[in-house]
1. Take the Cα gyration tensor of the chain, multiply each eigenvalue by 5, square-root it, and list the three semi-axes largest first, rounded to whole angstrom.
2. Provide the convex hull volume over Cα atoms per residue for the range 13-129, in Å³.
3. How much length would be gained if the chain were fully extended between Ile11 and Leu170, taking 0.36 nm per residue of separation minus their Cα-Cα distance, in nm to one decimal?
4. Based on the inverse mean of 1/r over its pairs of different Cα atoms, what is the Kirkwood hydrodynamic radius of the range 182-274, in Å?
5. At q = 0.13, 0.18, 0.26 Å⁻¹, what base-10 log of I(q)/I(0) does the Debye formula yield for the range 147-192 when every alpha carbon is treated as an equal point scatterer in vacuo?
6. If each residue's Cβ is checked for other Cβ atoms within 10 Å, how do Tyr111, Tyr182 rank with the fewest at the top?
7. With a 10 Å Cβ neighbour count serving as the proxy for reagent exposure, in which order, fewest first, do Thr96, Thr247 appear?
8. For Tyr182 and Ser237, what is the calculated FRET efficiency with R₀ set at 51 Å and r taken between the beta-carbons, to the nearest 0.05?
Amino acid sequence: MRSPSRMEIAILWIISAVLFVATVSHFRPFIATVDDFGDTGAYLNAARAIHDWNFHNVIVKQFWGLSYAVALFSFVPGLSPRTVLLLICAACSLTTVLLAYELWGPWIAGYFAVLNFDWLQRSYLGGSEPMFVGLLFASFICIRKERWIWAAILAALASVVRPLGIFALLAIGLVLLFRREYRKLLICTGAGAVIGVLYLLPFWLYFHDALYQVHRYQTSDWHSGPALGLPFQELVSSFLHNRQPLTNVLHTLGWIVFVLAGFLAMSRKGFRPYVNEHRPEFLFAFSYFVFLFTYNSGWARAEFPRFVIPLIPFALAALEPWVPKSRIVLYSACVIGSVLAACSAIGIRNVLPALR
């Protein structure tokens, strides 16, 4: 069967977006759903503070990379911060899917675009993941072209959107160190350090704490302890003390099993050429994988499907022999996934009464 073209993958994304927005709008006003969704309000509050350069009474633990982008484009006449946020997330989502096409091929890009509910929700309702993953994948593209400085800059920018982008910077540094390319290593380290200092400077000036956000995470998410604990400790504890619906538990468990299966499949002989040829990508994926299963937070299980988004193409690549190369399966996943993701964003309990 002929593989999907780049244009077809873009059309698949558009179909997903239309289905998602139409489903949400059928049950509830779309803008009201955006305002109530996830961390959208926190990112918009930070964007308004940056736009006005007034940080009085701003308490936002999330990293501000996305908020800086929203504040920058909010200067365009006629665009509200909310509209800018939605446009940035949608544009980054589509760009990320097309970058996945370049990195791993059409089938993996297609399934990456439509399988994960959290990816779909944050692409169309707002969230940091589209920008974060887009910057990561762009960094990988630069690495494959041996443009190490640009790769480091993009990885550093990803790190100010979501801090786990630091694993990409570390992977770049380790590979350059092993290759004894010390000059490139020094320049890449310097570029990353400059971006980090510029990002932390306002927190030092206005909050008198350069690590303000780290300390906020430590207080609210890490039980006032370290970010990492024993492998699987928080995941197992969360399952044992779970109070969420069974469907939520099965959904989370499904993604945990999928990622574990993907990383087990990375040991197969057929995947070794990928590991050897794209070592920085593998180092990032491996370190990110270790983090996910040692994360010392009550959110480790509840938010696992969201945290796992950057690893999905790696797991699909490792499981590539078993990935269905069928348009029927791909488009079915698109339709079902988009509708269910929209219903999940609204809340299944709010959808069922409306169907009666």
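1. Ellipsoid semi-axes (Å, largest first): 28, 27, 22.
2. 113 Å³
3. 53.7 nm
4. The answer is 17.8 Å.
5. Those come out to -0.23, -0.43, -0.84, one per q.
6. Exposure proxy ranking, most exposed first: Tyr182, Tyr111.
7. With the sparsest Cβ surroundings first, the list reads Thr247, Thr96.
8. Plugging the Cβ-Cβ distance into 1/(1 + (r/R0)^6) gives 0.70.
Bear in mind that the values in this text are calculations on the coordinates, not laboratory data. From a predicted model like this one, the values you see are computed outputs, not experimental measurements. Methodologically, a virtual Cβ is constructed for each residue, glycine included, from the backbone with ideal geometry; neighbour enumeration extends over all protein chains shown.
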